[in-house]
There are 2 protein chains.
Amino acid sequence: MKTLIVISHPDIENSNTQQFLLQGAKHQNVDTLHLDNYSFNSQANQQSDLEKYDRIIFQFPLYWYSAPYSLKKWIDEVFTRGFVYGSESKLIGKEFGIVVSTGMPEKNFAVGGGDGYSIDQIMTPYYALARRAGMQILPTLKVFQFYNMSEREHMNLLVDYQRYITQKYPDTLENKIEWFINQFDEQVDEFDNSEPVKNLLEDLGIELDTLKLTVEDIKNGGDSNE
Amino acid sequence: MKTLIVISHPDIENSNTQQFLLQGAKHQNVDTLHLDNYSFNSQANQQSDLEKYDRIIFQFPLYWYSAPYSLKKWIDEVFTRGFVYGSESKLIGKEFGIVVSTGMPEKNFAVGGGDGYSIDQIMTPYYALARRAGMQILPTLKVFQFYNMSEREHMNLLVDYQRYITQKYPDTLENKIEWFINQFDEQVDEFDNSEPVKNLLEDLGIELDTLKLTVEDIKNGGDSNE
């Protein structure tokens with residue numbers, strides 16, 4: 001599976017959140033496309049580039065309840081009617097995700113809260129676009145108040161983000177475990193001492209030793225869900 | 001009351017809908033600001049300009065479920081936190097409206113329809129912004145398939161649009177009548193023979209003669225609702 005992360009941020013070098021996420025993406029096999037200060041050769045090239053990917057993720061900070069304008073500029077230019085519309089859509093069946101960060105707390109995004117609408121309500125235009133293109137929509141990954149997170153929360157976010165960009169969906173226990181196995185294979189030395197992995201396993205309610213046994217089972221052709 | 005219409009359209013000269021609406025705005029006492037090919041002197045100037053108005057309307061065609069990117073670019077640049085945020089907002093109490101046109105039919109914008117979401121759901125980011133700024137949100141004026149409308153529908157749209165940009169809200173019978181009286185005063189010669197006025201009165205279920213009597217009543221200090 002090949003993932004493209006389309007990033008809209010006018011000042012990405014000074015964004016702690018974006019730099020943190022980019023760091024997380026580094027060891028995963030994904031491509032990134034930073035839209036600001038970026039000019040593409042031709043609409044056709046850009047379109048055929050997109051066709052190569054199985055998962056396309058829009059990643060941005062929330063600026064007045066949508067992405068910074070560079071994302072819409074790119075959409076207006078690249079997403080021609082012929083490219084994404086109806087049964088001719090070149091994006092049919094691909095997965096679509098959003099990674100959105102905001103300095104506001106989660107509780108604001110509710111009826112009666114400071115912002116009054118949920119993140120999902122605010123993201124509607126992107127969901128409608130993905131739906132029109134025949135893409136499969138993944139649950140949006142929301143990052144609230146990155147600057148306020150504990151070290152542990154940051155580490156959990158890192159794993160959640162890495163899973164978001166490369167794990168098979170839906171986000172079932174089985175797919176989570178499969179993802180960990182892949183990570184295990186690739187980073188066997190770091191696995192035992194990885195704080196984020198431990199945290200995530202704790203959240204999943206799985207002991208590391210159990211996971212190792214499960215991994216053995218799966219490798220031997222067993223079913224981890226039994 | 002002073003209205004500003006902020007228009008986002010990359011090819012406004014060739015848009016029948018926008019040219020038609022601009023024609024309708026011409027005889028109303030409103031200002032327009034076309035964002036494409038437009039560069040403003042300074043953020044501060046632009047902000048103090050906005051403060052002069054009582055009603056601010058975003059007008060645009062639906063491009064992939066939001067305005068063309070020029071509107072977001074302008075919002076990102078002009079709507080600074082200090083300008084629109086919280087109790088310090090300079091826009092508190094002002095009215096906010098949207099005039100959005102689309103080539104798709106109305107039936108598409110529903111669960112199970114071609115676009116799957118209502119126009120109101122799609123407009124959420126703008127409503128959230130207006131809400132955050134403490135503005136009062138008017139019901140969005142939606143223009144579906146302008147090219148497909150009959151002459152009569154065009155004329156009704158013209159009056160609806162003119163009312164939208166200058167009539168007092170909420171859109172009660174009383175406020176409608178008051179608006180007609182103002183138009184009557186200003187365009188007394190055209191009033192009797194105006195097709196759009198006749199159409200609208202018919203839709204309101206009011207005879208022109210009745211309206212004239214009502215106008216007389218109101219002018220003499222009577223109450224049109226009794």
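Here, each number is a calculation from the coordinates, and none is a lab measurement. Values in this document were obtained by computation on a predicted structure and should not be read as measured data. Positions of Cβ are generated from backbone atoms using ideal geometry, with glycine treated the same way; all protein chains shown enter the neighbour counts.
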Practice problem: Show the residues, 5+ positions off or on another chain, whose built amide H is closer than 5 Å to the amide H of B:Glu95. | Solution: B:Arg55, B:Ile56, B:Gln136
Exercise. For B:Asp11, place a label point 7 Å out from Cα along the Cα→Cβ vector, do the same in each other copy, and report the separations in nm, one decimal, smallest first.
Key: 3.6
Practice problem: Please tell me which of these pairs span more than 28 angstrom C-alpha to C-alpha: A:Lys72/B:Lys107; A:Lys52/B:Lys142; A:Lys107/B:Lys2; A:Lys2/A:Lys176; A:Lys142/B:Lys107; A:Lys26/A:Lys142? | Solution: A:Lys52/B:Lys142; A:Lys107/B:Lys2; A:Lys142/B:Lys107
Exercise. Using amide H atoms built 1.01 Å from N in the peptide plane, name the residues 5+ places from B:Gln59, or on other chains, whose amide H lies under 5 Å from its own.
Key: B:Val6, B:Ile7, B:Ser8, B:Val99
Quiz item: Going by a ≥ b ≥ c, the root eigenvalues of the Cα gyration tensor, does the stretch B:110-170 fall in the rounded group (a/c under 1.5), the prolate group (a/b larger than b/c) or the oblate group?
Solution: oblate
Self-check item: Amide N proximity, the stretch B:73-91 versus B:Ala44 label position 7 Å along Cα-to-Cβ, cut-off under 18 Å
Solution: B:77-84, B:90
Self-check item: Two-site label geometry, A:Tyr85 and A:Glu13: point separation in nm, points 7 Å out along Cα→Cβ
Solution: 4.1 nm
Quiz item: Can you pull the Kirkwood radius for the stretch A:41-106, inverse mean 1/r over Cα pairs, to one decimal in Å?
Solution: 13.3 Å
Exercise. Read phi for every residue in the stretch B:15-32 and hand back ³J(HN,Hα) as whole Hz from Karplus 6.51 cos²θ - 1.76 cosθ + 1.60, θ = phi - 60°, with x for Gly and Pro.
Key: 9, 4, 4, 5, 5, 5, 5, 4, 4, x, 6, 3, 8, 9, 8, 10, 10, 10
Quiz prompt | 7 Å along Cα→Cβ, label-point gaps from A:Ser48 to other copies, nm, shortest first | solution = 5.3
Quiz prompt | Nearest-first distances (nm) between copies at B:Asn29, label 7 Å from Cα via Cβ | solution = 6.9
Quiz item: Dipole magnitude of the stretch A:3-169 about its Cα centre, charges +1 at Lys/Arg Cβ and -1 at Asp/Glu Cβ only, in debye to the nearest 20?
Solution: 400 debye
Quiz item: With each pseudo-label sitting 7 Å past Cα toward Cβ, what's the A:Asn175-B:Ser150 distance in nm, one decimal?
Solution: 5.1 nm
